[in-house]
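Enquirer: Provided herewith is a single structure, encoded as structure tokens, for subsequent inquiry.
The values are calculated or read from the model by the stated rules, or taken from the named source; none is laboratory data. Small disclaimer: the values here were computed from a predicted structure and weren't measured. Quick reminder, even Gly has a Cβ in these numbers, built from the backbone with ideal geometry, and neighbours come from all protein chains shown. What goes into the accessible areas is simple: the full protein's heavy atoms, side chains included, and nothing from ligands, DNA or RNA. Shrake-Rupley method; radii C 1.70, N 1.55, O 1.52, S 1.80 Å.
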Amino acid sequence: MDASALWQRYQDWLYYHEGLGLYLDVSRVRFDDSFCTSMKPKFDKAFKDMEALEGGAIMNPDENRMVGHYWLRDPEIAPTPEIKQEIVSTLEKIEAFAKKVHTSQVKPPGAPKFTDLLSIGIGGSALGPQFVAQALTPDSPPLKIHFIDNTDPDGIDRVLGELKDRLSSTLTLVISKSGGTPEPSNGMKEAKHAYETQGLDFSKHAIATTGVGSKLDQLAKSEGWIDTFPMADWVGGRTSELSAVGLLPAALQGIDVRAMLEGAKVMDGATRKPDWKTNPSALLALSWYYVGNGKGEKDMVVLPYKDSLQVFSRYLQQLVMESLGKEKDLDGNVVNQGIAVYGNKGSTDQHAYVQQLRDGVPNFFATFIEVLQDRLGPSPEVEPNVTAGDYLSGFLQGTRQALYENQRDSITITIPEVTPRHVGALIALYERAVSLYGFLVNINAYHQPGVEAGKKAAATVLNLQQDLLKVLKAERTALSLEALVNKAGASENVEQAYKILRHLAANDRGVVLQGNLAQPASLTISYRA
Ligand SMILES: O=P(O)(O)OC[C@H]1O[C@H](O)[C@H](O)[C@@H](O)[C@@H]1O
């Protein structure tokens, strides 16, 4: 296509939302009119399905749940007065609580006010708060946020080490919808231990966001934590940023949560339209379908050209991959659906892997996120008439063009600035694109059976560890690996057993391995208390 035809295509397909000042450009995705026409029946059905979803139908059949994240920013459309009330009162409670913390009406026993916030959660209970914190935390937040999002002891030490001198004024927020996920539970126990080591009462520093009646909810109530905030059954983890999961930490950091909700509501208004040409989420879903042939054949590379949006790529990774990555469709056929997502930020990544994007295996499409405002206030010139922001803008355009010249498709989203309103809008834009795409390819985008399989397997490993330790502690002499696994009734799991023992030995847990480490089967194992 020559330059003038491309310019025409750009204008023909450009979506602009006036209220948000948001542009979506899909002109560099090479679908044609006949493809669009062929997709119409699928979209008509997807729009109907969306209507049912927003109306409160059970759209997560495996878990027998409604899918209600769209109600969070517009409680008026909630399917029952009880749900509407739940949304309204939770938001009010969050705002009132944040105010009390900011004005020291809620304060730690041994310090005049809370200065830091330690957020403990994983997956959907971490990525949204991390994304929003990086994008929107003001320069001098009322509380400085820190995250424990793993069960890595060394990682936990780093975070707790940073907080060591301010633990007495640190508020800890444990976020877990199920209230039983091992990683946040371990993080909470380690944090509690750190408080107790300093003679501090953890319960007077702790709050929780969790499902009502969950294990965590019961613990928080029985230990008399400062407060608990509910997470509804009808909100999935990866779509929970605009529930208490994301709003509470945001409010505590002094971020305007009403503006986030408003941005999402405005975007919902635009993406609810049952016409794909004027609906930005539908344009995204259409483009994803086209590039990946409806089978996720191309990966989505997300490149925000703005440091504060760096976590957006990881946030989208969970939203898209956990939602769309499914073995079976809704009719039970094996389809192995999904779209792989990765990315970091531009222009940084141009000096890392963009070489392959331009010249290597063409198994991706790019999504550029552009922010028009470089910074608040004027910029110095790095060369005559050129600022650092001009470079960033030029690099984005240049990469988009270079990719297109080599038949690599790209989408560009442009927002005027990174504000709570725009972050809310971006979240809503992608949430609905994922919903629509899920309907287009006929999968349940709201469950995650594969994750459960991994969790079950991990539980088996930990049980085996207990069995091995029991045998070793009862034995007086060293055992061969084979004898040990036989005694533990785990002869089928010798490799797992070996790896457990190697890990215990490396951490001074009493297990001693002797023999040739290069030949695991030759090892003898003993236990020293
Ligand atoms: O909030 P939680 O119940 O602790 O869950 C945290 C995360 O873990 C799970 O394994 C799921 O795959 C995620 O969707 C979820 O967000």
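Enquirer: With a point put 7 Å past each Cα toward its Cβ, work out how far ASN463 is from ASN406 in nm, to one decimal.
Expert: Simple spin-label model gives 5.0 nm for this pair.
Enquirer: So if R0 is 30 Å, what FRET efficiency would LYS328 and TYR16 give, r being the distance between their Cβ atoms, rounded to the nearest 0.05?
Expert: 0.20
Enquirer: Determine the percent antiparallel among the DSSP beta bridges restricted to the chain, to the nearest 5.
Expert: In the chain, approximately 30 percent of DSSP beta bridges are antiparallel ones.
Enquirer: How much mean residue ellipticity at 222 nm does the chain get from its helices, if each DSSP H run of length 4 or more adds -39500 (n - 2.57) and you divide by all residues, to the nearest 500 deg cm²/dmol?
Expert: Only helices count here, giving -15000 deg cm²/dmol.
Enquirer: Let me ask something additional. Can you tell me the FRET efficiency between LEU6 and GLU417 if r is taken as the Cβ-Cβ distance and R0 is 30 Å, rounded to the nearest 0.05?
Expert: It comes to 0.60.
Enquirer: Would you check the accessible area of GLU383, probe 1.4 Å, heavy atoms only, in square angstrom rounded to 10?
Expert: Roll a 1.4 Å probe over it and GLU383 shows about 90 Å².
Enquirer: Next up: Taking the Cα centre as origin and putting +1 on Lys and Arg beta-carbons and -1 on Asp and Glu beta-carbons, what dipole magnitude results for segment 361-410, to the nearest 20 debye?
Expert: Charge dipole, segment 361-410, about its Cα centre: 180 debye, nearest 20.
Enquirer: Would you work out which of LEU469, GLY450, ASN493 lies farthest towards the positive end of the dipole of segment 450-527? Charges go on Cβ: Lys and Arg +1, Asp and Glu -1.
Expert: Of the candidates, LEU469 comes out farthest on the positive side.
Enquirer: Sticking with this structure for a sec: Just going by the charge dipole of the chain, with Lys and Arg at +1 and Asp and Glu at -1 on Cβ, which of VAL511, LEU357, GLY346 is farthest out on the positive end?
Expert: Among VAL511, LEU357, GLY346, the one farthest towards the positive end of the dipole of the chain is VAL511.
Enquirer: Let me ask something additional. Carbon and sulfur atoms: what percent of the 1.4 Å accessible area of the chain do they account for?
Expert: Of the solvent-accessible surface of the chain, carbon and sulfur hold 50 percent.
Enquirer: FRET efficiency for ARG528 and GLN397, Cβ-Cβ distance as r, R0 = 60 Å, nearest 0.05?
Expert: That pair, ARG528 with GLN397, gives E of 0.40.
Enquirer: Full-extension gain between GLU297 and LYS499, please, as 0.36 nm times their residue separation minus the C-alpha to C-alpha distance.
Expert: That works out to 69.2 nm of additional length.
Enquirer: Show me 508-521, 86-99, 161-174 ranked by packing, highest mean number of other Cβ atoms within 10 Å first.
Expert: Answer by packing, highest mean first, reads 161-174, 86-99, 508-521.
Enquirer: Express in Å², to the nearest 10, the accessible area of GLU405 obtained by rolling a 1.4 Å probe over the protein heavy atoms while all chains stay in place.
Expert: Taking all protein chains as shown, GLU405 has close to 110 Å².
Enquirer: Under a plain spin-label model, where a point goes 7 Å from the Cα along Cα-to-Cβ, how far apart in nm are ARG476 and GLU95?
Expert: 7.3
Enquirer: Relative contact order of the chain, please, whole-number percent, based on alpha carbon pairs below 8 angstrom and at least 6 residues apart.
Expert: Computed over the chain, the figure is 16 percent.
Enquirer: Here's another thing I want to ask about it. How far apart, in nm, are the 7 Å Cα→Cβ label points at ASP139 and ALA506?
Expert: Each label point is offset 7 Å from its Cα along the Cβ direction, giving 4.5 nm.
Enquirer: Also, quick follow-up: Quick check: the angle from helix 153-163's long axis to the longest principal axis of the chain, C-alpha only, nearest 10 degrees?
Expert: 80
Enquirer: State, as an integer percentage, the relative contact order of segment 118-276 based on alpha-carbon contacts under 8 Å between residues 6 or more apart.
Expert: The normalised contact order for segment 118-276 reaches 28 percent.
Enquirer: Follow-up question, since we're still on this one. Please list 3J(HN,Hα) in residue order for segment 346-358, calculated via the Karplus relation 6.51 cos²θ - 1.76 cosθ + 1.60 where θ = phi - 60°; whole Hz, with x for glycine and proline.
Expert: With coefficients 6.51, -1.76 and 1.60, one gets x, 7, 3, 5, 4, 9, 10, 10, 5, 3, 5, 4, 6 Hz.
Enquirer: Using the crude model of +1 on Lys and Arg Cβ and -1 on Asp and Glu Cβ, and no other charge, please compute the dipole size for segment 69-255 relative to its Cα centre, in debye to 20.
Expert: 360
Enquirer: Here's another thing I want to ask about it. Counting only protein chains, not ligands or nucleic acids, how are TRP276, TRP288 ordered by accessible area (probe 1.4 Å), most first?
Expert: The residues order as TRP276, TRP288, largest area first.
Enquirer: Between THR348 and GLU223, what is 0.36 nm times their sequence separation minus the Cα-Cα distance? Round to one decimal in nm.
Expert: Stretched fully, the THR348-GLU223 segment lengthens by 40.3 nm.
Enquirer: Only Lys, Arg, Asp and Glu count, each charged at its Cβ (+1, +1, -1, -1), so figure out the dipole size of the chain about its Cα centre, rounded to 20 debye.
Expert: Result for the chain is approximately 1120 debye, rounded to the nearest 20.
Enquirer: What accessible area per residue comes out for the chain, rounded to a whole number of Å², with a 1.4 Å probe?
Expert: Heavy-atom accessible area per residue stands at 45 Å².
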